[in-house]
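Taken together, the values in this text are just the output of simple stated rules run on the coordinates, not laboratory data. Keep in mind the model is a prediction, meaning the values are calculated, not measured. Using ideal geometry, Cβ is built from the backbone for each residue, glycine included, and neighbour counts are taken over all protein chains shown.
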Amino acid sequence: MTESLPAAAGGTTAAFLGLMEALGTQRGGLAFRAVSQKLDPADDTLRLIDPRDERWVFTDPRGRFRAGGLARGAIEQIRTFNPHVVHVHGLWCPDVVAAALAAMDAGCKVVWQPHGMLVEAALNRSAWKKRLFLALGLRTALARADAVLFTSTTEHDTSRLLMLGPSTRPAIVPLPVKIEPPEADLPRLHAEGRAKWNLGDVPVIVFVGRLHPVKRVHLSIAALAEARTAHPGTKLLLVGDGEPAYANMLRQKAAKLGVADGLVFAGWLRGDDKYRALAAADALVFNSEFENFGFAAVEAMLCHTPTVMTDNLSLARPSEAAGAGLVASSDPVQIGSQLARLITDPQRRVMGRRGRAWVEASFSAHAVGAQLADLYESLAGIQPTASRPPTPLAAAT
């Protein structure tokens, strides 16, 4: 169960959709329902969901200050579907809390996935509102959960684990990613991306994400200025949308640093256009204040584009160990120098291929789905076997 699935939510929606696809790869014993509130009929997410798929359940809207239609719909699914495990996503929604408590009272095992919302940095934003919400029931519900699921050791280590109950089991399962585009398409996408944004043959750095302070886009712009000292003409392709005032602030910063002519605002992209942007680049810069996973980095690697990530991000050291990118501190001078180094590294294309191979081995839907199924079976007390048992393991998610 999740609060909502708008395309504009970016990584959170992609994470939930990916987990549903991962569960769908596990045949012979795993049945599930995916519950969320209804989407706007024009929302792009609906293009990704088969309306005939009975595993998807869309409810009336959630409540604003108390549980509403979303909770009622989820509780009805718990009553009729009778799952072994209820997997809830997100924190700050009264409907999610009400559904989790109802599942616990019905004897279901509850897996809670906070998607980075228990991290100290996230809890410190609008802290008084979150303290109030915790006091009104969320803290009790979290303490009663059977497992809390993190996507990385970094998310686990930086989360406020004291909120969990003594019998709550922390678990780590990465998010799945679609293994696309096909490798054979990458040369074409590279050429089309270069042409679409008039990038010519200069070095290109790509940033993918919301234009928002938490993504620290200002560091990327400062890093561009540093990289340009070694490679004049380098461009920064910004893929994402944000508040106009913030975008204007970024333009002003670029002008102050003398790199305004190097910014290319591509806006929010999906499908082949996103892959064109990633494939067209020589490197991805990824320097958010926090990411509980990091879809942008993984998608860049699938496009053979190596990365420079700041060392606070969960994928930074593992990708470096896989030979898929470089790591920097949060100092824009160091980020820029690592980007400049990567742009001219003769092993850059080899790094790109290594990155894709690492992602395919680590984050495919089938690999992640198997880990989720193992967790559900363990909580439900079902002995794992080589083939799934014929009686469905019901997992309402």
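Count charges around LEU263 for me, please; just the other residues with Cβ under 9 Å from its Cβ, Lys/Arg as +1, Asp/Glu as -1. So the environment of LEU263 carries a net charge of +1. Percent of C-alpha pairs per 10 Å bin in the range 183-362, short distances first: 11, 43, 39, 7, 0.
Between amide H atoms placed 1.01 Å from N, distances below 5 Å from ALA34 occur with TRP56, VAL57, THR397, all of them 5 or more places distant or on a separate chain.
Pairs of Cα atoms in the chain fall into 20 Å distance bins, from 0 up to the last occupied one, in shares of 27, 55, 18, 0 percent.
The mean sequence separation of alpha-carbon pairs under 8 Å and at least six residues apart, normalised by the residue count of the range 183-362, gives a relative contact order of 25 percent.
Summing +1 for each Lys or Arg and -1 for each Asp or Glu among the other residues whose beta-carbon sits under 11 angstrom from that of VAL208 gives +2. For the chain, the Cβ-based charge dipole about the Cα centre amounts to some 560 debye (Lys, Arg positive; Asp, Glu negative; other atoms uncharged). In terms of packing, defined here as the mean over residues of other Cβ atoms within 10 angstrom, the peptides 287-294, 188-195, 173-180 line up highest first as 287-294, 173-180, 188-195. Its Cα centre serving as origin, the range 183-362 has a Cβ charge dipole (Lys and Arg +1, Asp and Glu -1) of approximately 220 debye.
Considering only the other residues whose Cβ falls under 13 Å of the Cβ of GLY323, what net charge follows from Lys and Arg at +1 and Asp and Glu at -1?
With Lys, Arg at +1 and Asp, Glu at -1, the neighbours total +4.
Computed log10 I(q)/I(0) for the range 1-123 at 0.22 Å⁻¹: -1.50, from the Debye equation with unit scatterers placed on every C-alpha and solvent omitted.
Distance in nm between label sites at VAL202 and GLN371, each 7 Å beyond Cα in the beta-carbon direction? It works out to 4.0 nm between the two label points. Spin-label model, TRP92/GLU320: points 7 Å from Cα along the beta carbon direction are separated by 3.2 nm.
In the chain, helical runs assigned H by DSSP with n ≥ 4 each contribute -39500 (n - 2.57); averaged across all residues and rounded to the nearest 500, the mean residue ellipticity at 222 nm is -13000 deg cm²/dmol.
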